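The structure under discussion is supplied below as structure tokens; questions concerning it will follow.
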Amino acid sequence: MRFGICGNLPAHLTEGVESVERAFEYGYDYIEPALATVAAMPAEDFAALLARVKAQSIRVEACNIFFPRTLRLTGAEVNWDAIQAYLETALARAGALGVKVIVFGSAGAKNVPEGFPYHEAWKQLVRVCRMAAEVAAKHGITIAIEPLNHKEANIVTSVAEGLALMQ
């Protein structure tokens, strides 16, 4: 049996790296940080994080929080170029860290805005998943769709919906 710790690297690099090192000291086998945080790091901070992670026995095998809430995936405000740019950066960094799985819950980014047609939002999510799959494949990463509860999300809230999105 293996144990991992799911969490978020604090925005401040030193604390983030220390949390990686503490996880190893406490006996965890892997860590699962928020990809949105990793993607937002300045390049020099990410390079320092990558170097320190590679020096540890613990690995970053998975990431949660695929998309930041500020990057709209549904609704009238979707910016496809920004999504593509985010995917390129985020997934390249995930690949460099050795990530094998990224969990796609990201309620803040994917929730359907009030008054926006659900079926249009669904089509947008399908497009996002196709874009993500193409970039993820280049880095050997699998995307796991996470249905969220109705209090967090208003789309992809059941296993059936998650399966339909995957298909």
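The values are calculated or read from the model by the stated rules, or taken from the named source; none is laboratory data. Since we're looking at a predicted model, the values are computed, not measured. Reconstructed Cβ throughout: ideal geometry from the backbone, glycine too, with neighbour counts over all protein chains shown. Accessible surface areas use protein heavy atoms only, side chains included; no ligands, DNA or RNA. Shrake-Rupley method; radii C 1.70, N 1.55, O 1.52, S 1.80 Å.
Can you tell me which residues in region 126-167 are part of a loop (DSSP other than H, G, I, E, B) and open to solvent by 20 Å² or more (accessible area, probe 1.4 Å)?
139, 140, 146, 147, 149, 150, 151, 152, 154, 157, 158, 167, listed by residue number.
Keeping to region 70-89, report how many residues are touching a Pro at 6+ places or on another chain (Cβ under 9 Å) and under 28 Å from residue 45 (Cα atoms).
Final tally of qualifying residues: 2.
Moving on. Does residue 117 fit the bill of being touching an Asp or Glu at 6+ places or on another chain (Cβ under 9 Å) and surrounded by fewer than 17 Cβ atoms within 10 Å (Cβ to Cβ)?
no
A further question on this structure: I'd like to verify a number: residues in region 78-94 that are open to solvent by less than 40 Å² (accessible area, probe 1.4 Å) and hydroxyl-bearing (Ser, Thr, Tyr), how many?
Matching residues across region 78-94 total 1.
Assess whether residue 123 counts as being at pLDDT 95 or above, open to solvent by less than 50 Å² (accessible area, probe 1.4 Å) and either in contact with a Phe, Trp or Tyr (Cβ under 7 Å, 6 or more places away or on another chain) or under 12 Å from residue 155 (Cβ atoms) (or both).
no
Name, by its number, the condition in (1) open to solvent by less than 10 Å² (accessible area, probe 1.4 Å); (2) at positive phi; (3) not hydroxyl-bearing (Ser, Thr, Tyr) that does not hold for residue 105.
(2)
Please go through (1) outside any strand (DSSP E or B); (2) touching a strand residue (DSSP E or B) at 6+ places or on another chain (Cβ under 8 Å) for residue 103 and return the number of the only condition it doesn't satisfy.
(1)
Here's something else I'd like to know. How many residues does region 45-77 hold that are on the phi < 0 side of the Ramachandran plot, crowded, with 17+ Cβ neighbours inside 10 Å and of a type outside the set (Lys, Arg)?
Our first condition is that a residue be on the phi < 0 side of the Ramachandran plot; within region 45-77, this holds for 45-64, 66-74, 76-77.
Subset that is crowded, with 17+ Cβ neighbours inside 10 Å: 45-46, 49-50, 53, 58-60, 62-64, 66-68, 71-74.
Checking which are of a type outside the set (Lys, Arg) leaves us with 45-46, 49-50, 53, 58, 60, 62-64, 66-68, 71, 73-74.
Result for region 45-77: 16.
Can you pull out the residues in region 1-30 that are part of a helix (DSSP H, G or I) and either at pLDDT below 65 or open to solvent by less than 60 Å² (accessible area, probe 1.4 Å) (or both)?
First pass over region 1-30, keeping only residues part of a helix (DSSP H, G or I): 13-25.
Residues satisfying the conditions are 13, 14, 15, 16, 17, 18, 19, 20, 21, 23.
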